[in-house]
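Read the figures in this text as sums done on the coordinates, not as results from a lab. This structure is a prediction, so every number in the text was calculated from the model and none was measured. Every residue, glycine as well, gets a Cβ built from its backbone with ideal geometry; the counts of neighbours run over all protein chains shown.
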Amino acid sequence: MKLTKTECDRLKPKEKAYKKFDGGGLYIEVTPKGAKLWRLKYYFQGKEKRLSLGRYPVVTLNEARQKRDEAKQVLDQDIDPSFARLRRRHKAAIKANTTFESIAREWHEKQDERWGQKRSKVVMRRLEKNIFPCLGNFPITEIKATHLLHALQRIEDRGAYYTAKSVRQICGQIFRYAIQTDRCEHNPAPLLHGALKSRPVEHYAAIEASELPELTASLNQNKARLFERTRNAIALSMLTFCRPGEIRQAQWTDIDFDEQAWVIPAKFMKSGKSHVVPLSTQALNVLDKQRQETAHLNTPWVFPARNNIKKPMSDATVNLALKKLGFHNRMTAHGFRALARTTIREKLNYYPDVIEAQLAHKPIGPLGSAYDRAQFLDKRKDMMQDWADFLERNGAIF
């Protein structure tokens, strides 16, 4: 039985939504709040689907039937009417400059002056690599939380957990900008808070203080198996317990032999702040040997790459050397930090805040809130010399 205009007008809301069919899959759904919505039920590739055709009486009965017939014609061409509609909206959005990519680029351009060049490039690179290929041509109004989540999960599948969360935040800012400029009403990014994985906690392999003599003996007995530059990098890692990236990117201009200090520039520090590393007598001796080893190379790097002196040593060099010495899965370049942190606290009895300051960590003890790191410098100088002496007592030769 086909619907009539009079019947459509007389439809009243009930406690639950209900449907009145017109034929050919077309029906009108009446919601508990009284809205009358045209829907088309159809099957595509064996699956039942629904297509919204508008609200009555804005879309009349005759217009709803016409839309049904148009959808059926598309279906006869083995094309999903829902997909065909989305494709039309994509084209319209591109023409109207309201795709996600167009708005994202507009937003990015407005942030460009506020950001530094490095930050600007990172943001755009993350969008171009991770989001534009799958969501760039979508009208921004059509993107739902599930669409964005799917794109972010593809990043997670690469193991790039931090990037996935960063991209979610970037997308959230783009949606917020679109809302502010009246081109979108909904921001799906905050809905995904907690939906992404966190990076598994990684504990870098590190030996115990009791195993130090074994490591130092191995270094002493296998001189011929390691290049002098690599041995010196291991020695400086052991003596200063700086991060591997800070060691390999050390430059001669940052080392003051007279003041017995190495000032690591902010750009190489995880904290984004410059960091003073007091140099023990043994550390200065290692650096002096390294200066002699590279004197003829005219390179700014303390530990240049073997095949290209314009670049620093590879970040894998020290780890590969430790593996060659028989410490695979037992000790890493980063492990010197954990070794020093534990041993200095337990064997040399230095206060935790002094150790954390040298590690360039936020102080954890009660003095942390009362004193600036720089005020620990004299104590750190003593600690670094005591640490170097301790290493020598355990067989290290510098």
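Summary of computed values
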{"item": "Simple Cβ-charge dipole of the stretch 209-393, Lys/Arg +1 and Asp/Glu -1, about Cα centre, in debye nearest 20", "result": "820 debye"}
{"item": "The chain: angle of helix 281-294 to the longest principal axis, Cα-based, in degrees nearest 10", "result": "80 degrees"}
{"item": "Given (1) 22.4; (2) 26.9; (3) 34.7, the label whose value is Kirkwood radius over Cα pairs in Å derived from this model", "result": "(2)"}
{"item": "Set of lysines with alpha-carbon distance to residue 323 below 29 Å, sequence-local pairs under 8 removed", "result": "223, 270, 289, 310, 311, 347"}
{"item": "Within the stretch 26-129, GluC sites (Glu not before Pro) in DSSP loop having at most 10 other beta-carbon neighbours inside 10 Å", "result": "113"}
{"item": "Rounded to 10°, Cα long-axis angle of helix 161-180 versus longest principal axis of the chain", "result": "50 degrees"}
{"item": "Cβ-defined net charge surrounding residue 193, 12 Å radius [Lys, Arg +1; Asp, Glu -1]", "result": "+2"}
{"item": "Given charges at Cβ of Lys, Arg, Asp, Glu: the chain dipole, positive-most of 151, 284, 163", "result": "151"}
{"item": "Relative contact order for the stretch 5-79, counting Cα pairs under 8 Å that sit 6 or more residues apart, in percent", "result": "20 percent"}
{"item": "Eligible lysines near residue 91 by straight Cα distance, threshold 20 Å, same-chain separation 8 or greater", "result": "67, 144"}
{"item": "Reachable aspartates and glutamates from residue 16, criterion Cα separation under 15 angstrom, eight or more residues apart if same chain", "result": "29"}
{"item": "Helix 117-130 axis, angle to the chain major axis (alpha carbon atoms, nearest 10°)", "result": "50 degrees"}
